[in-house]
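Colleague: First, the structure itself, so that you have it in front of you.
No lab work stands behind these numbers, since they all come straight from the coordinates. In this text, all values refer to a predicted model and were calculated from it rather than measured experimentally. Cβ placement follows ideal geometry from the backbone for every residue including glycine, while neighbour counts extend to all protein chains displayed.
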Amino acid sequence: MRSHNMNFQEKLLDSFIAFEQDIDLLNPIHKYRKDALKRFEDLGFPSKKDESWKYTSLKPLVQKDYNLYPKSNIHIELKDVKKYFLNDIDSFKIVFIDGVYSPFLSKTTHDGVDICVLSAALSKDKYKKRIKKYFNKVVPSSESLASLNTSYTKEGAYVYIPESISPEDPVQIMHFSTGNQNSIWLQPRNLIIADKGSKVEIIERHQSLKDHSVVTNSLTEIYAEKNAFIDYYKIQNDLNTSCLIDNTFISQERDSNVSVHTFSFGGKLTRNNLNFYHKGENINSTLKGITILEENQHVDHNTLVYHAQPNCESHQDYKGIFSDRSVGVFNGKIIVDKIAQKTNAFQQNNNILIDNKSKVNTKPQLEIFADDVKCSHGCTVGQLNKEALFYLKTRGIPEKEAKALLTYAFANNVLESVKIPNLKKRINSLIAKKLGVNLGFDL
Amino acid sequence: MAYTEEELKKQLETKEYEYGFYTEIDSETFPVGLNEEVVKAISKKKNEPKWMTDWRLDAYSTWKSMAEPNWHNLKYAKPNFQDISYYSAPKKKPDLKSLDEVDPELLKTFDKLGISLDEQKKLSGVAMDVVVDSVSVATSFKDTLEQKGIIFCSISEAIQNHPELVRKYIGTVVPKKDNYYAALNSAVFSDGSFCYIPKGVKCPMELSTYFRINQAGTGQFERTLVIADKSSYVSYLEGCTAPSRDENQLHAAVVELIALDDAEIKYSTVQNWFPGDKKGKGGVYNFVTKRGVCHERSKISWTQVETGSAVTWKYPSCILKGNHSIGEFYSIAVTNNFQQADTGTKMIHIGKNTKSTIISKGISAGKSQNSYRGLVQISPLAKNARNFSQCDSLLMGNECGAHTFPYIEVQNKTAQIEHEATTSKIGEDQIFYCNQRGIDTEKAIALIVNGFSKEVLNKLPMEFAVEAQKLLEISLEGSVG
């Protein structure tokens, strides 16, 4: 007897023919789609038997059936979604509604920089060379969900920052799902390229507008050329009915600096596969995250930093606060190749459990093949300091606020490196909201 | 001119296994292969009661249905289990009243090890239950122990003389079905040690067993069972060396510790089996399951110095079942040439106010791979659990690897868990500092390595510390003073 699981997997495989009706089969990238589909067919969905999926089960997710082709032409008013954009910033935006690009809400450009959609970049001749150079070049073939995304590559954000250019404002990539149809499976594909000496800030957010079931299997490829500077922020504060599998693959050239901040405050199940690959010397990579969960939410941070070249640095700092049957998973891996001497890799994961129904599973891994390196990791699970709490209470600060203050302080390391003031404010207010307090000031 | 690190490394690589000799003792060895008949034959040979035979057969049928694990970070040729002889015993079991009656060849073996039975008996006060190829041939200090009511004998003797104790406890900590190698061991274990400390007794001496794989091509399947009854204390030592042989030898031991209320067990291991030559040929496969269970207010402390074996797969664990129980794990794992080690511990916190400490030091040299794999699990009912873990790795040379896989699973908010790990090499500035104080590079490295492992070495009983030093010397000669 076939399980439901098989059914959805088969549906994904069978639907590919219908998908092919809709796209340009002569495009050179179509080969990648077909190869990836084959790999997904071989690999299937990951199960708990896979070491990197030990603490997160996709089974309940893929046992259901999903709609792969949501209806297009759904219109939403700006006023309904304005609150999800960063206020006061009239910046470039790429907005998708149920996986379909919304020109009405977006603001794209080809003036100096390219901030547009991937489908446009794929179809136009002038981008051909660049697509050929970058598309699917950093995604390892062993990842089944990444392969699944590649096979259905159609739409997503495309950002290209030419040499020595640095746009003033951050680029916002927004994915809304409207809930006009229940159970949808979205697979956006983003390609971000920062050429030599350029600098860019990007904010990505997935948001459902109604509580309906939606699964997003997103893939983002990021290329930082020599001396490029990329700051990437992921805001995950979705409703409790949506799931997100976020695959991010980052390729860094010499002297580049990439940092990714992940703020996970919501969503039923969130899995972040964040992978850094070093292609040159003197690279700096930063991975930071704050996770605050409640109500059965589940977040799994799965990070990889592959130090393949000498004299590079990586910093990881993930803070988690868990309550009410929520589950936090951290699975960080640092690999230091034989030739990657003088590597400096640092990894930290701190967690606070608010109640006994919540769980933390953490596994900070080091795999080191070079001798002249400085690698360390630290990991803690504990509670707020009772003395500090008592001290604050003696100063007349109520318990709830005192706890919130200490929690703020706990997460502050990560917030400190957020470089966009408006975003910092936004995240501060999200944290305050999460903790149910109004401190009346920003930390 | 002092040694440079390069020279030292070369010296390490060319260092031959000193204890690689082979003692000729008449042995009775079963033909190779494993089937139900062999299991029955082993049981019959040892004149075991029916329940034991059935227990073995049950384990064997489980083992047949299991697959060899491959999740570990090790690469080796899988042993062929039909190519191993499952029983090898010295032909005559000498009735020992004094050392004179011991086979002179055997005595020579101990002389070569530098620890003769005689010396052990007289100087260090260590009672030895000597195991040569699976059957114990010499025991000492039995009388002293008997007066206290302590039972310290081979497990086959225990099955004959104390079946009620063995039957009650065997397989309770490491069940037959626990894992592939534990199931294999349960089916075919040839001998091992049994120790029972009665209520309220503090064992007056360190109990010690010498394991030695002697016969070529015989796997050694030891079974150790240590029971510390209420409010008792015992310190148990286990040490091993093996002759230099070319084919891979398999060792799949099972050690079970039971610490009843208020009891304390200290279990120390020094392992120096043949690690293979510098080309990675030969060497012992060491797949060991060690686990202890702690009842109320009891304590189990594992200390290990792992320098030998081509492949080590070993996770001495503590199940902290009772309230206020304590688990400790101190380990030094040294790998050189082509050695591979995947070792660590599991601390399962179940009772309230339980504490565990993990200190693991890994030293990799040559082309070796050294992994720490540990689990700290806090169950939902384990209130106020406390864990501290520290895993440090030292790399010597750029062809070796050090890996850390700590699993931390917490389900109780009152838990306090700390884990930290570092990987580094011996710093040039550290050596420079020593050099400018007139300490040559060789001594400086020795100093640093010594300091690096001191925390664990200090945990070894006095009698064993010397031995441990010696074994460290063999593995990292030139770098340990």
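Colleague: Spelling out what I want: for every residue of region A:141-147, take phi, set θ = phi - 60°, compute 6.51 cos²θ - 1.76 cosθ + 1.60 (Karplus), and round to whole Hz; glycine and proline get x.
Modeller: Per residue, the Karplus-derived 3J(HN,Hα) values read 6, 7, 8, 6, 6, 5, 4 Hz.
Colleague: Using alpha-carbon positions, what is the distance between the centroids of region B:323-340 and region A:384-436, in Å?
Modeller: 39
Colleague: Sticking with this one: Given the rule -39500 (n - 2.57) for each run of at least 4 DSSP H residues, summed and divided by the residues of chain A, what is its mean residue ellipticity at 222 nm, to the nearest 500 deg cm²/dmol? It would help to have the intermediate numbers written out before the result.
Modeller: On the way: 11 runs with 101 residues, N = 443.
Calculated mean residue ellipticity at 222 nm is -6500 deg cm²/dmol.
Colleague: Along the Cα→Cβ direction, 7 angstrom out, place labels at A:K424 and B:M462. What is the inter-label distance in nm?
Modeller: That separation, rounded to one decimal, is 6.1 nm.
Colleague: Neighbouring Cβ atoms within 10 Å as the yardstick, rank B:S371, B:S85 fewest first.
Modeller: Details: B:S371 27, B:S85 18.
Least crowded to most crowded, the residues run B:S85, B:S371.
Colleague: Quote the Stokes-Einstein diffusion coefficient, in whole µm² s⁻¹, for chain A, based on the Kirkwood radius over alpha carbon pairs, a temperature of 10 °C and a viscosity of 1.306 mPa s. Don't jump to the answer; show the numbers that get you there.
Modeller: Details: Rh = 22.4 Å.
Diffusion coefficient, whole number: 71 µm²/s.
Colleague: Amide H neighbours of A:T286 under 5 Å, at least 5 residues apart or on other chains, H built in the peptide plane: list them.
Modeller: Amide H neighbours of A:T286: A:V258, A:S259, A:V260, A:H315.
Colleague: Only bridges with both residues in region A:4-279 count here: give the DSSP antiparallel percent, nearest 5.
Modeller: Percentage antiparallel, nearest 5: 10.
Colleague: Right, another one. Using r as the Cβ-Cβ distance of B:E164 and B:T357, and R0 as 30 Å, what FRET efficiency do you calculate, to the nearest 0.05? Write out the running numbers ahead of the final one.
Modeller: Details: r = 35 Å, r/R0 = 1.16.
Taking R0 as 30 Å, the efficiency between B:E164 and B:T357 is 0.30.
Colleague: Which whole-Hz couplings ³J(HN,Hα) result when phi for each residue of region A:272-287 is put into the Karplus expression 6.51 cos²θ - 1.76 cosθ + 1.60, θ = phi - 60°, listed in order with x for Gly and Pro?
Modeller: Taking θ as phi minus 60°, the curve returns 10, 9, 10, 10, 10, 10, 9, 10, x, 8, 6, 9, 10, 10, 10, 10 Hz for region A:272-287.
Colleague: Additional query: In nm, to one decimal, how far is the modelled label at B:Q416 from the one at A:D90, with both set 7 Å along Cα→Cβ?
Modeller: 5.5
Colleague: Right, another one. Can you tell me the length gained on complete extension of the stretch B:A77 to B:E455, counting 0.36 nm per residue apart and subtracting the Cα distance?
Modeller: On the way: separation 378, 0.36 × 378 = 136.08 nm, distance 3.48 nm.
Computed gain between B:A77 and B:E455 is 132.6 nm.
Colleague: I'd like the FRET efficiency for A:K124 and A:S15, computed as 1/(1 + (r/R0)^6) with the beta carbon distance as r and R0 of 25 Å, rounded to 0.05. Don't skip to the end; give the middle numbers.
Modeller: Values: r = 27 Å, r/R0 = 1.07.
Rounded to the nearest 0.05, the efficiency is 0.40.
Colleague: Could you compute the net charge surrounding A:L392? Neighbours are other residues with a C-beta less than 9 Å from the C-beta of A:L392; K and R count +1, D and E count -1.
Modeller: Summing Lys and Arg as +1 and Asp and Glu as -1 gives +1.
Colleague: A:N351's amide H: which non-local residues (gap 5+, or another chain) put their own amide H closer than 5 Å, with H modeled 1.01 Å from N in plane and none for Pro or chain starts?
Modeller: A:G320, A:T380, A:V381, A:G382
Colleague: Going by amide H atoms built from the backbone, whose H comes under 5 Å of the H on A:G332, apart from near neighbours?
Modeller: Sorted by chain and number, the residues that satisfy this are A:T303, A:K363, A:Q365.
Colleague: What are the semi-axes of the equivalent ellipsoid of region A:146-192, taken as the square roots of 5 times the eigenvalues of the Cα gyration tensor, listed largest first and rounded to whole Å?
Modeller: Details: eigenvalues 152, 50, 6 Å².
Semi-axis lengths for region A:146-192 are 28, 16, 6 Å.
Colleague: Cross-link list A:K31/A:K154; A:K34/A:K137; A:K49/B:K279: which exceed 24 angstrom alpha carbon to alpha carbon?
Modeller: Pairs exceeding 24 Å: A:K49/B:K279.
Colleague: Using a Gaussian network model of chain A with C-alpha springs under 10 Å, which one of A:K357, A:K31, A:K129 is most mobile by mean-square fluctuation?
Modeller: A:K129
Colleague: So, one more: Using θ = phi - 60° and the Karplus form 6.51 cos²θ - 1.76 cosθ + 1.60, what ³J(HN,Hα) does each residue of region A:108-114 get, whole Hz, x for Gly and Pro?
Modeller: For region A:108-114, the Karplus curve yields 10, 7, 10, 8, x, 10, 10 Hz.
Colleague: Something else now. Pulled fully out, how much extra length does the chain show between A:T109 and A:K393, if you take 0.36 nm times their separation in residues and subtract their Cα-Cα distance?
Modeller: Numbers: separation 284, 0.36 × 284 = 102.24 nm, distance 5.30 nm.
Separation in residues times 0.36 nm, less the Cα-Cα distance, equals 96.9 nm.
Colleague: Okay, next question. Can you order the peptides B:444-456, B:278-290, A:50-62 by their average number of other Cβ atoms within 10 Å per residue, highest first? Don't skip to the end; give the middle numbers.
Modeller: Values: B:444-456: 18.8, B:278-290: 21.2, A:50-62: 16.9.
Listed from highest to lowest mean packing, they are B:278-290, B:444-456, A:50-62.
Colleague: Which of A:R130, A:R254, A:R325 ends up with the largest GNM mean-square fluctuation for chain A, with Cα atoms connected below 10 Å?
Modeller: A:R130
Colleague: Set the Förster distance to 60 Å, then compute FRET efficiency between B:R437 and B:K45 from the Cβ-Cβ distance, nearest 0.05. Kindly include the intermediate steps, with their values, before the conclusion.
Modeller: Working: r = 62 Å, r/R0 = 1.03.
Efficiency at R0 = 60 Å is approximately 0.45.
Colleague: Let me ask something else about it. Any chance you could run the full-extension gain for B:S61 through B:K202? It's 0.36 nm times the residue separation minus the Cα-Cα distance, nm to one decimal. All intermediate terms of the calculation are to be shown ahead of the outcome.
Modeller: Numbers: separation 141, 0.36 × 141 = 50.76 nm, distance 4.01 nm.
Residue separation times 0.36 nm, minus the Cα-Cα distance, leaves 46.8 nm.
Colleague: Can you sort B:C400, B:C153 by how many other beta carbons sit within 10 Å, fewest first?
Modeller: In order of increasing Cβ crowding within 10 Å: B:C153, B:C400.
Colleague: What is the pair-distance distribution P(r) of region A:385-443, computed from all Cα-Cα distances in 5 Å bins starting at 0, with each bin given as a whole percent?
Modeller: 4, 18, 28, 23, 15, 8, 3, 0
Colleague: Where a ≥ b ≥ c are the square roots of the eigenvalues of the C-alpha gyration tensor, would you call region A:124-218 rounded, which needs a/c under 1.5, or, failing that, prolate if a/b is larger than b/c, or oblate? Please report the intermediate quantities before stating the final value.
Modeller: Values: a/c = 2.46, a/b = 1.45, b/c = 1.70.
In terms of gyration-tensor shape, oblate.
Colleague: As I understand it, the dipole of region A:385-443 uses +1 on the Cβ of Lys and Arg and -1 on the Cβ of Asp and Glu, about the Cα centre. Which of A:F390, A:V437, A:L406 lies farthest toward its positive end?
Modeller: Farthest along the dipole direction, towards plus: A:V437.
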